[in-house]
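Heads up, the thing below is written out as structure tokens.
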Amino acid sequence: MTASSAPSARSAEVGRRIGAPLMYGLFRPRVLGAWRVPATGPAILAVNHSHNIDGPMVLSVAPRPVHFLIKKEAFVGPLDPFLRGIGQLKVDRSTADRAAVTRALGVLERGGVLGIFPEGTRGEGDFAALRAGLAYFAVRSGAPVVPVAVLGSSERRGRLIRGLPPLRHRVDVVFGDPFQAGDSGGRRTRAALDEATGRIRKQLTAHLENARRLTGRRATFQ
């Protein structure tokens, strides 16, 4: 599979146009630092993940169309063709999903934006448990990594829909400075990936702490 067969930016743009009025209608997103996302060329958004709305929120407010790697379990019923239609990428987390990896690399090769939850699954949202997938994509493609902190999505539960934050609840999305995860030598060895993972963890954790100070959010999620 080549870059030409990867999902198009136009499809992801459709998703952004659908999601933006929905997110702004239900909640009160506050977007900080969106200008830090490179205006052109490949980029990887590394997003913390403490609530199911984190992905749709970033997809909706990001300054460029984003193709997220999403667990295959989300592609059920009518959501399957819908998610595919808006350029999102299905990945099987139980195995080395080569097809998903190829599609994701195709997005970056085409100069698009790839969205990744580096913790692998929804958790504390503190970047403590990073998987090697983000480092692989960053080192393999050479694309800069942009840390993204979503804060407030899991602070409180809504009264009408318990699985969502309260209506009109403020959710902060803070974009950080892009950085290169790989070393200057361009190595792709296992040791290089391990070093890149450590480098990524340090950068993402620092960004999260800075985002908490900037927004006044508390240090833990409930």
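Here are the numbers for this structure:
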| item | result |
| --- | --- |
| Selection count, region 109-120, where residues are at pLDDT 85 or above and crowded, with 18+ Cβ neighbours inside 10 Å | 7 |
| Residues (basic (Lys, Arg), in contact with a helix residue (DSSP H, G or I) (Cβ under 9 Å, 6 or more places away or on another chain) and outside any helix (DSSP H, G or I)) located in region 67-113 | Lys90, Arg93, Arg110 |
| Search result, residues across region 32-60 that are at pLDDT 95 or above and over 12 Å from the mean Cα position of the chain (by Cα) | Leu32, Gly33, Ala34, Trp35, Arg36, Val37, Pro38, Ala39, Thr40, Gly41, Pro42 |
| Residues of region 121-155 satisfying the condition of being closer than 22 Å to Pro42 by Cβ, out of contact with any helix residue (DSSP H, G or I) (no Cβ under 7 Å at 6 or more places or on another chain) and at pLDDT below 95 | Arg131, Gly133, Gly142 |
| Residue selected from region 7-25 under the condition over 21 Å from Val171 (Cβ atoms) and touching a Gly at 6+ places or on another chain (Cβ under 6 Å), by the criterion surrounded by the most Cβ atoms within 10 Å (Cβ to Cβ) | Pro7 |
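The values are calculated or read from the model by the stated rules, or taken from the named source; none is laboratory data. Source: prediction; values computed, not measured. FYI the Cβ positions are ideal-geometry reconstructions off the backbone, even for glycines, and counts take in every protein chain you see.
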